[in-house]
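To start, the structure itself, in structure tokens.
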Amino acid sequence: MKPLTLLLMLLFPLTTTAETIRYPATADQGQTERLVVHGALDMTYIKPLLNDFHRRHPDIDLVYRNLDTLPLYRHFRDTPDEADVLISSAMPWQYRLVNDGHARPLDTPASRDWPAWARWRQELFAFTFEPIVMVVRRELIERHGRPDSHAELLATLRDHRDDLRGRVVTYDPARSGAGYTYAIEESRLSPRYWDLIAALGDVDTALVDTTGEMLEGLGDGRYWIGYNLLGSYAHRVVENDPDLEMVVPDDYTLVIQRLAFMPRQAPHPGNARRFLDYLISDAGQGVIASQTALGAIHPELKGPGTADAWHAERGNALHPLTLGPGLLATLDDLKRQALLTRWQREFNREDNAN
């Protein structure tokens, strides 16, 4: 087995079965406390935070359970009293839960000082800054050049359709919460979005559920172009594979944020408060900046691994999803069905014409 393939299997298991990791309390005296965190954040990226939090609070028996975004949402709906903190990059779904009254407020110095654009009331907090990127293989660059924007990607797909047939991969918006969120945001943002979807369909683009599946196919050479990957996940794999390059589009780049909240029915509210406050503290944000590619938001942190560095490099090309009531519009059943129907129609435009 190739080293990169092994790395991908460890980072991005394709099964939907929840992974769980536990940090037993190390305190010797008395009854230990407990903290249960449920998240849609792969172990590789959450572990530095869990390690540091456990070091600071060794008396807490800490359990983290990792699920995909939509199973996480559904599981919480079924059992709202099981988790102390809920973390997800599926921003509309997280916002809906909080808007429906499932969150308790966090009132700490860190929460009061948190940037207004990165929180909703005192209940829902963004704690990462993650651009959505393309990943391309060396073969594509050598033959057809590197597409540095959505416009250049569209031209590449149109000009080299036969050569790229079956060599492109992206999210299926009907199955992936992340893929659907990106689709609805891009359809609002770019007048050429539907032309791009038609071009993706023309080259028989593979549709998958996760960034991990895209990276696996790019790593083994099945695909030459991956479209709309989580940059935080792509960064580590690309660093370890000289045949891959990460492309941050220079015309516009969507940015998502991981959102965290404390459920109103959290079984251990005191420890929930400690952990959520840690995520937005200078300590937790420092771990994000230095030990992960998730992008720290803390306004006092500068340099590599921070939102400040992304803004300095990309400026107005960055388009973070807005944390507010507009997210609920993306979950309206009629609007969702209308967007998915058009997405399929445009993706299959060539088939319909024949």
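The values are calculated or read from the model by the stated rules, or taken from the named source; none is laboratory data. These figures come from a predicted structure and were not determined experimentally. Cβ sites come from the backbone with ideal geometry, for glycine too, and all protein chains shown count toward neighbours.
Kindly indicate the residue of the stretch 262-289 that is assigned to a helix (DSSP H, G or I) and touching a Ser or Thr at 6+ places or on another chain (Cβ under 7 Å) and also farthest from residue 54 (Cα to Cα) among those meeting that condition.
Only one residue tops the list, namely 289.
Of all helices (runs of 4 or more DSSP H) completely enclosed by the stretch 179-243, which ones contain at least 1 residues that are modelled with pLDDT of 95 or more and not basic (Lys, Arg)?
Result: 193-202, 211-219.
If you scan the stretch 95-115, which residues turn out to be closer than 23 Å to residue 286 by Cβ and either under 21 Å from the mean Cα position of the chain (by Cα) or not small (Gly, Ala, Ser) (or both)?
Selection gives 106, 107, 108, 109, 112, 113, 114, 115.
For every residue, the table says whether it meets (1) more than 17 Å from residue 131 (Cα to Cα); (2) in contact with a Phe, Trp or Tyr (Cβ under 9 Å, 6 or more places away or on another chain); (3) surrounded by fewer than 17 Cβ atoms within 10 Å (Cβ to Cβ).
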site	(1), (2), (3)
217	yes, yes, no
223	yes, no, no
228	no, yes, no
232	no, yes, no
239	no, no, yes
242	yes, no, yes
247	no, no, no
250	no, no, yes
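Taking the condition at pLDDT 95 or above and acidic (Asp, Glu), does residue 52 pass?
yes
Within the stretch 119-152, how many residues turn out to be within 22 Å of the chain's Cα centre (by Cα) and closer than 21 Å to residue 182 by Cβ?
Qualifying residue count for the region: 16.
I need a count of the residues in the stretch 107-152 that are outside any strand (DSSP E or B), of a type outside the set (Gly, Ala, Ser) and surrounded by fewer than 23 Cβ atoms within 10 Å (Cβ to Cβ).
23
If residue 256 satisfies every condition in (1) modelled with pLDDT of 95 or more; (2) of a type in the set (Val, Ile, Thr); (3) touching an Asp or Glu at 6+ places or on another chain (Cβ under 7 Å) but one, which is the exception?
(1)
Which residue out of 336, 314 is of a type in the set (Lys, Arg), under 21 Å from residue 181 (Cβ atoms), touching a residue at least 24 places away in the same chain (Cβ under 8 Å) and not assigned by TED's automatic domain parsing to the domain that holds residue 194?
None of the other options fit; the residue is 314.
Between a residue in the stretch 52-64 that is assigned by TED's automatic domain parsing to the domain that holds residue 282 and any residue that is among the basic types (Lys, Arg) and surrounded by 19 or more Cβ atoms within 10 Å (Cβ to Cβ), which pairs come within a Cβ distance under 7 Å, given they are 6 or more apart or on different chains?
Sorted first by the residue in the stretch 52-64, then by its partner, the pairs are 57/274.
Scan the stretch 153-178 residue by residue and report those that are farther than 30 Å from residue 71 by Cα and not in a helix (DSSP H, G or I).
Listed by number, the residues that qualify are 160, 165.
Would you mention how many residues in the stretch 290-312 are outside any strand (DSSP E or B) and buried (at least 24 other Cβ atoms within 10 Å of the Cβ)?
Residues meeting the conditions: 5.
Out of all the residues in the stretch 141-164, which are small (Gly, Ala, Ser) and in contact (Cβ under 8 Å) with a residue 60 or more places away in the chain?
149, 151
I need the full set of residues from the stretch 89-106 which are charged (D, E, K, R) and either touching a residue at least 40 places away in the same chain (Cβ under 8 Å) or not assigned by TED's automatic domain parsing to the domain that holds residue 277 (or both), in order please.
Those that are charged (D, E, K, R) and either touching a residue at least 40 places away in the same chain (Cβ under 8 Å) or not assigned by TED's automatic domain parsing to the domain that holds residue 277 (or both): 96, 104.
Consider only pairs whose beta carbons are under 9 Å apart and that are at least six residues apart or on different chains; among these, list those whose first residue lies in the stretch 107-133 and is free of Cβ contacts under 8 Å to residues at least 24 places away in the same chain and whose second residue is part of a strand (DSSP E or B).
121/103
Among the residues in the stretch 70-84, are any crowded, with 23+ Cβ neighbours inside 10 Å, assigned by TED's automatic domain parsing to the domain that holds residue 117 and within 29 Å of residue 183 (Cβ to Cβ)?
Scanning the stretch 70-84, I find at least one residue that is crowded, with 23+ Cβ neighbours inside 10 Å, assigned by TED's automatic domain parsing to the domain that holds residue 117 and within 29 Å of residue 183 (Cβ to Cβ), so the answer is yes.
Tell me, which residue of the stretch 85-106 that is in a loop (DSSP other than H, G, I, E, B) and touching an Asp or Glu at 6+ places or on another chain (Cβ under 8 Å) is surrounded by the fewest Cβ atoms within 10 Å (Cβ to Cβ)?
That would be 105.
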